[in-house]
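Take a look at the structure below.
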Amino acid sequence: MTDIAKIAEEVMAAGLCSPRAGRDPVNQAMINNWTEAIGDTNPRYLEWEAPPAMTQVWTMRGLHPVSTPDDPLQIMSKALDDAGYTSVVATNCEQKYSRYVRIGEELTVRTRLESYAGPKKTALGEGWFFTTESTWYAGVEPVATMLFRVLKFKPGAAGSVGKPIQPLVSRDTSFFWDGAVEGELRIQQCGKCGLLRHPPGPTCPSCGAAKPGYVVAAGTGTVYSFVVHHHPPVPGKQLPFVVALVELPEGVRVMAELREVDPASVHIGMPVQVGFAPVGDFVLPVWHPAGYTPPAKPVYASDLPELTFDVTPTLVVSTALATRDFQDVHHDRDLAVARGSKDIFVNILTTTGLVQRFVTDWAGPEADVRRIAIKLGVPCYAYDTLTFTGVIAHRDGNEHVIEVTGRNSLGAHVTGTVEVTLP
Amino acid sequence: MTLNAAIVGIGATEFSKDSGRSELQLAVEAARSALADAGLRPSDVDGIVGFVMDSNAEIALARELGVPELSFFSKIGYGGGAACATVQQAAMAVTTGMAKTVICFRALNERSGHRFGQVSVAAASQVNTSGLDNSWHYPMGLGTPAATVAMAARRYMHVFGATSEDFGRVAVTARGYAATNPHAWFYKRPVTLAEHQQSRLIAEPLRLLDCCQESDGAVAIVVTSADRARDLAQPPVHIAAAAQGSGPDQYIMTSYYRDELTGLPEMGVVARQLWAQSGRNASDVDVAILYDHFTPYVLMQLEELGFCGRGEAGAFVAAGNLPLNTHGGQLGEAYIHGMNGIAEGVRQIRGSAVNQIAHTATVLVTAGTGVPTSGLVLSS
């Protein structure tokens, strides 16, 4: 048995940790901060009840947490940090609410280690999963429970090696990059002698004229030569990938990544067609096999009205602080980037809150949320857009089970189930 | 005009993966060693030539060496293409009287410091025409030297039917010489063609063993006039020819827009000058030290330099009639940006090489390929 497994077994055997009290009673000021940040206008949070998705917020440990030596999450985090599994990502969160808590109530929480698994190979790198079960009490009455599953992993074992490389642009080359934004593959043409030329320059090497113009290429060509890149990692690319030098019917060659292709099937003479891919502030031309049709933009069914959030840095930061989550990756872009993220990103307590808002916006203020179980997918970074859809999976009288999905430009950020009782 | 110049001193540090010293210290150690080899003192030096890519200014090296005055100093660009051109600059300076004694050098912590084998974001984002040139390639994913060579290698295979085994024999030859060179990183570690074929893919069609090493180390070369060379410690090695070359529609590693992608026209430019200046041709070469950062470009060089016809270099290397990279090359000895190859050329003329080829009178040395480049013909 590994040291980590041994520690985990001991923690599981120890059972529930000692009760930890929330720092403040349930109060309107924190509720107001939270509803403003989430954008939730449900009137029942203006009177005496707190949003159920806020339950964990009441016992968050703050910016300068006091050590709680028997807390299973802390013990496991430290053991895994010491073993090199220093990065953390929450993967699942299931909260059940017996009732809504009220202004003035003082909550305590007790937690136990429910299960663990590892080491596992994951897309993020090698890591360990562990699940804690927490119960919140108002006095002696349990009011909510949560199963919380996290992955602690070794960073850098897989994934990104930095930001994609962007082109340097001069006044001689900007027409090309402007064209890519317009979906045009532009080839420089001398305004005097008509010579086509790529890469472009300020004057014509043939006639000497400084009258550069351009033509829009048909966008087809054949592979003149290509590379299958295996090593080392290249910023913004998934290994292996193909780079192809393509001969255009217009008579020039243009090099770009050849995508949507099995590297083993690429050959000199292969017909290709141009496509365009946004990378950071730029659009790059890419090659696709001839005949490739990009997948149609999917349409997702939704019984509930769609809800879209512009994920501004303000949304990310204000929700993180309103949920008392002071992890730097949620408010400090430099540190988030240094830890391998593209930007600051939405924390899990906020995702839970957004899911709840999506459902209660539809269900109305009289509805009671009983359970929110979510699975986290791709991160939700600042400057993205997050759109929720939901379908009614099951209905039994007033009891509804809603399957919720929140998608952003990277894919599904959250999928989950909300159980709600309508009046 | 005939060059009146000779190499009179060579010096180097050990070649390693982690020198543990600054690049300036490496440069100083190699320069002192080269001066000692020549029987010269720092006060004799009045010229220094370096690489644009070197982190050491000529004046920094002069300060550390205690060189009192410099009347000639320059830097050559285009990466390893600079190697032989540093000696060309020195030879021109001593021939014209602009300098009497010139140190040419290259010092780099290229394994423990900035690794050329990784993707250089700095190369892609430099604000100059080279950064603009790289913008047609780096953002598309072509960001390592190996990948840039692989693009041409694939075309060469397609046009001439060359194979990965043809590339592999270059590596096997180099590692064979390195195996008997105590200064080589791969001393006592030869490879077989089968091992080459089993080595992992880096930038297909290139495999790991098609790629040179990343190394820490420094090499310095001392050049003076042929007249003065006669009185110094070592038998002079004459610079029979020295040339630079850049070809049509030239780029740095990505000259992909020419009519053909199967040769190195810039090396053809160098070759024509070398043979004209020296009155020799490929058949006169006793030992060839050809820049070998990646194996396919060794084959293309043999063709550009006239050792064989287009597409014939694979068979030429397999025949093994030309002693090639007898120190182990950059594949086997160390990657000192081509300067260690010049030192090997000098040793072969002197008769002091560890893998000495008998009766060597003429040595050809070339510099970095795929870039504007340079070459030397050395003679006894």
Item to check | Student exercise, the range A:174-289 dipole from Lys, Arg, Asp, Glu Cβ charges, in Debye to nearest 20 | outcome: 380
Checklist entry - In whole Å, how far is the Cα centre of the range B:262-302 from that of the range A:381-413? => result 66
Checklist entry - So for A:T203, A:T350, what's the accessible-area order with a 1.4 Å probe, most first? => result A:T203, A:T350
Item to check | Qualifying GluC sites (Glu not before Pro) for the range A:110-203 [loop in DSSP, other Cβ within 10 Å: at most 16] | outcome: A:E182
Checklist outcome for this item: Output field shielding_mean for A:196-204 (other chain Cβ, 10 Å radius) holds 2
Checklist entry - Counting only protein heavy atoms and rolling a 1.4 Å probe, how much accessible area do A and B lose on contact, total for both sides, in Å² to 100? => result 3200
Item to check | Straight-distance crosslink candidates among lysines, where the alpha carbon sits under 23 Å from A:K163 and sequence neighbours closer than 8 are dropped | outcome: A:K154, A:K237, A:K342
Next on the checklist: Counting only other chains, and only Cβ atoms inside 10 Å, what mean value do you get across the residues of A:228-241?
Outcome noted: 6
Checklist outcome for this item: Given Cβ charges of +1 for Lys and Arg and -1 for Asp and Glu, the option among B:A242, A:P240, B:Q348 whose Cα lies farthest towards the positive end of the dipole of the protein assembly as shown is B:Q348
Item to check | Share antiparallel - DSSP beta bridges, the protein assembly as shown, percent rounded to 5 | outcome: 90
Checklist entry - Got a number for the accessible area of B:S283? Probe 1.4 Å, square angstrom, nearest 10. => result 100
Next on the checklist: Antiparallel versus total DSSP beta bridges in chain B: what percent is that, nearest 5?
Outcome noted: 75
Checklist entry - What ranking do B:114-121, B:101-108 get when scored by the average of other Cβ atoms within 10 Å per residue, highest first? => result B:101-108, B:114-121
Next on the checklist: When the expected Rg is taken as 2.2 N^0.38 Å, what fraction or multiple of it is the alpha-carbon Rg of chain A?
Outcome noted: 1.23
Checklist outcome for this item: Heavy-atom accessible area of B:T173, protein chains in place, probe 1.4 angstrom, given in Å² to nearest 10, is 50
Next on the checklist: Leaving out ligands and nucleic acids, and using a 1.4 Å probe, what accessible area per residue does the range A:82-180 come to in Å²?
Outcome noted: 46
Checklist outcome for this item: Honestly the range A:265-410 on the Cα gyration tensor test (a ≥ b ≥ c root eigenvalues; a/c under 1.5 rounded, otherwise a/b vs b/c for prolate or oblate) is just oblate
Next on the checklist: Which residues, if any, in the range B:117-164 lose at least 40 square angstrom of accessible heavy-atom surface (probe 1.4 Å) when the other protein chains sit next to their chain rather than the chain being alone?
Outcome noted: B:V119, B:L132, B:S135, B:W136, B:P139, B:M140, B:G141, B:M151, B:R154, B:R155
Next on the checklist: Need one word for the range B:176-328: rounded, prolate or oblate. Basis is the Cα gyration tensor (sqrt eigenvalues a ≥ b ≥ c); a/c below 1.5 gives rounded, then a/b vs b/c decides.
Outcome noted: oblate
Item to check | Cα-based reach from A:K152 at 18 Å (exclusive), listing lysines while leaving out same-chain residues under 8 positions away | outcome: A:K6, A:K78, A:K120, A:K121, A:K375
Item to check | Neighbour net charge for B:R175 - beta-carbon separation under 13 angstrom, K R +1, D E -1 | outcome: -1
Item to check | Fully extended contour minus Cα-Cα distance, from A:D172 to A:A277, at 0.36 nm per residue | outcome: 35.6 nm
Checklist outcome for this item: In whole angstrom, the spacing between the Cα centers of the range A:325-339 and the range A:228-304 equals 32
Checklist outcome for this item: On the accessible surface of the range A:174-289, probed at 1.4 Å with all protein chains in place, carbon and sulfur together account for a percent value of 50
Item to check | Listed residues A:E250, B:E304 arranged by accessible area, highest first, probe 1.4 Å | outcome: A:E250, B:E304
Checklist entry - Do any cysteines in the protein assembly as shown lack another Cys Cβ under 4.7 Å, and if so which? => result A:C17, A:C93, A:C380, B:C84, B:C104, B:C211, B:C212, B:C308
Checklist entry - the range A:174-289: D in µm²/s via Stokes-Einstein (Kirkwood Rh, Cα pairs, 4 °C, 1.567 mPa s)? => result 87
Next on the checklist: Within 13 Å, Cβ to Cβ, of B:A229, how many net charges do the neighbouring residues add up to if Lys/Arg are +1 and Asp/Glu are -1?
Outcome noted: 0
Item to check | Packing rank of A:355-363, A:192-200, where each peptide gets the mean count of other beta carbons within 10 Å, highest leading | outcome: A:355-363, A:192-200
Checklist entry - From the phi of every residue in the range A:64-80, what ³J(HN,Hα) in whole Hz does the Karplus formula 6.51 cos²θ - 1.76 cosθ + 1.60 yield, where θ is phi - 60° and glycine or proline is x? => result 10, x, 7, 5, 10, x, 9, 6, x, 4, 5, 4, 5, 4, 5, 4, 6
Checklist entry - When ranked by the protection proxy of mean other Cβ atoms within 10 Å per residue, highest first, what sequence do the peptides A:69-81, B:122-134, A:391-403 form? => result A:69-81, B:122-134, A:391-403
Checklist entry - Just how far, in whole angstrom, is the range B:313-362 from the range B:28-79 if you go by their alpha carbon centroids? => result 25
Next on the checklist: Going Cα to Cα from A:K192, which aspartates and glutamates come in below 20 Å? Please leave out same-chain ones fewer than 8 positions away.
Outcome noted: A:D172, A:E250
Checklist outcome for this item: Taking chain B and counting helices only, DSSP H stretches of n ≥ 4 at -39,500 (n - 2.57) each over all residues, the nearest-500 ellipticity at 222 nm comes to -10500 deg cm²/dmol
Checklist entry - Sorted by accessible area with a 1.4 angstrom probe, largest first, how do B:I336, B:I10 fall? => result B:I10, B:I336
Item to check | Å² of accessible area per residue within the range B:209-273, as computed with a 1.4 Å probe and no ligands counted | outcome: 33
Next on the checklist: At 1.002 mPa s and 20 °C, plugging the Kirkwood radius over alpha-carbon pairs of chain B into Stokes-Einstein gives what diffusion coefficient in µm²/s?
Outcome noted: 105
Item to check | Local net charge near A:T415, Cβ-Cβ under 12 Å (Lys/Arg +1, Asp/Glu -1) | outcome: +1
Checklist entry - Going toward the positive end of the dipole of the range A:68-155, with +1 on Lys and Arg Cβ and -1 on Asp and Glu Cβ, which of A:G139, A:P155, A:S77 do you reach last? => result A:P155
Next on the checklist: Over all directions, how big on average is the projection of the convex hull of the alpha-carbon atoms in the range A:1-130, in square nanometres?
Outcome noted: 9.5
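The values are calculated or read from the model by the stated rules, or taken from the named source; none is laboratory data. Bear in mind that the values here come from a model prediction, so they are computed numbers and not experimental data. For neighbour counting, all protein chains shown are included, and Cβ atoms are generated from backbone atoms with ideal geometry for every residue, glycine included. Surface areas here come from the heavy atoms of the whole protein model, side chains and all, with no ligands, DNA or RNA. Shrake-Rupley method; radii C 1.70, N 1.55, O 1.52, S 1.80 Å.
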